[in-house]
Amino acid sequence: MDDKIQALKEMVDGSDNIVFFGGAGVSTESGIPDFRSTGGLYHQEWKYPPETILSHTFYKSKPEEFFRFYRAKMLAPDARPNAAHRKLAEWEAQGKLRAVITQNIDGLHQAAGSREVLELHGSVHRNHCEKCGKFYGLDYILKTQGVPRCDCGGIVKPDVVLYEESLDQDLLSRALRYIAEADMLIIGGTSLNVYPAAGLIQYYSGRKLVLINKGAVARDLTADLVLTDPIGEVLGQL
């Protein structure tokens, strides 16, 4: 065990109020591409850029094209939790970790056993009819073609936060409280590019701030410990 892994282990061992704030890099080791790395969605050929397709305006104006992209690029039904997801769930079961705050929409934290998961950008596993509110799971979206419709005729919209849409304010407030009260904050697999989610970390005032990310982050961050290996590899050693 190298010095940085040992230092991380000692921090975790001495904490009982850990909060984890994660992004797309947490799921890349499960085979889900992130948006901004080489090979991610922003580096692939498509008629429109992802941020345009994944906007509320595009969803409303070109729903067929939206759902074609959504099914092809945003859904990964065969993905399974990796070592990072499993370790976080283990810490929660031990009473060390209080919450996972994630920008991901894949549901892998819950699949690994985590219970207190705040999904800032929603989840592909929840879909509701815009007309009558009926719930539909991921399987329904996968087995339909074109624009998914409810029995009542309404469009079944994924419960994911699109560009131009607001985050749930109650969820943001809960996340802020968890971060503000934490004795250790681990930021993993995110470049901190997406706001307002990334702005939540400014509310941490503790002395054990850990950054685990393969690339540089978008803002100045005075972390007590920085690791640049894949997060699954890092947490898998603890």
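General remarks:
- Ala182 being in contact with a strand residue (DSSP E or B) (Cβ under 9 Å, 6 or more places away or on another chain) and not acidic (Asp, Glu): yes
- Residue check, Gly188 open to solvent by less than 20 Å² (accessible area, probe 1.4 Å), out of contact with any Cys (no Cβ under 6 Å at 6 or more places or on another chain) and either over 19 Å from Met74 (Cα atoms) or without any contact (Cβ under 8 Å) to a residue 60 or more places away in the chain (or both): yes
- Filter result for Lys214 (of a type in the set (Lys, Arg) and crowded, with 16+ Cβ neighbours inside 10 Å): no
- So Ala175, is it at pLDDT 95 or above and either open to solvent by 30 Å² or more (accessible area, probe 1.4 Å) or under 27 Å from Arg86 (Cβ atoms) (or both): yes
- Condition check for Asp220 on (1) at pLDDT below 95; (2) surrounded by 15 or more Cβ atoms within 10 Å (Cβ to Cβ): one failure, at (2).
- Residues of the range 211-238 classified as β-branched (Val, Ile, Thr), under 18 Å from Arg86 (Cβ atoms) and either touching a residue at least 40 places away in the same chain (Cβ under 8 Å) or not in a strand (DSSP E or B) (or both), total: 2
- Within the range 76-96, the set of residues being surrounded by 15 or more Cβ atoms within 10 Å (Cβ to Cβ), modelled with pLDDT of 95 or more and part of a loop (DSSP other than H, G, I, E, B) comprises Ala79, Pro81, Asn82, Lys96.
- Some residue of the range 171-179 being of a type in the set (Phe, Trp, Tyr), assigned to a loop (DSSP other than H, G, I, E, B) and more than 20 Å from Arg71 (Cα to Cα): no
- For the range 110-164, the tally of residues that are touching a Leu at 6+ places or on another chain (Cβ under 8 Å), surrounded by 15 or more Cβ atoms within 10 Å (Cβ to Cβ) and outside any strand (DSSP E or B) stands at 8.
- Close pairs from the range 48-61: first open to solvent by less than 60 Å² (accessible area, probe 1.4 Å), partner β-branched (Val, Ile, Thr), Cβ under 8 Å, at least 6 apart: Phe58/Thr52
The values are calculated or read from the model by the stated rules, or taken from the named source; none is laboratory data. Since this is a predicted model, take the numbers as computed values, not measurements. Glycine also receives a Cβ, built like all others from the backbone with ideal geometry; neighbour counts cover every protein chain displayed. Only protein heavy atoms, including side chains, enter the accessible area calculation; ligands, DNA and RNA are left aside. Shrake-Rupley method; radii C 1.70, N 1.55, O 1.52, S 1.80 Å.
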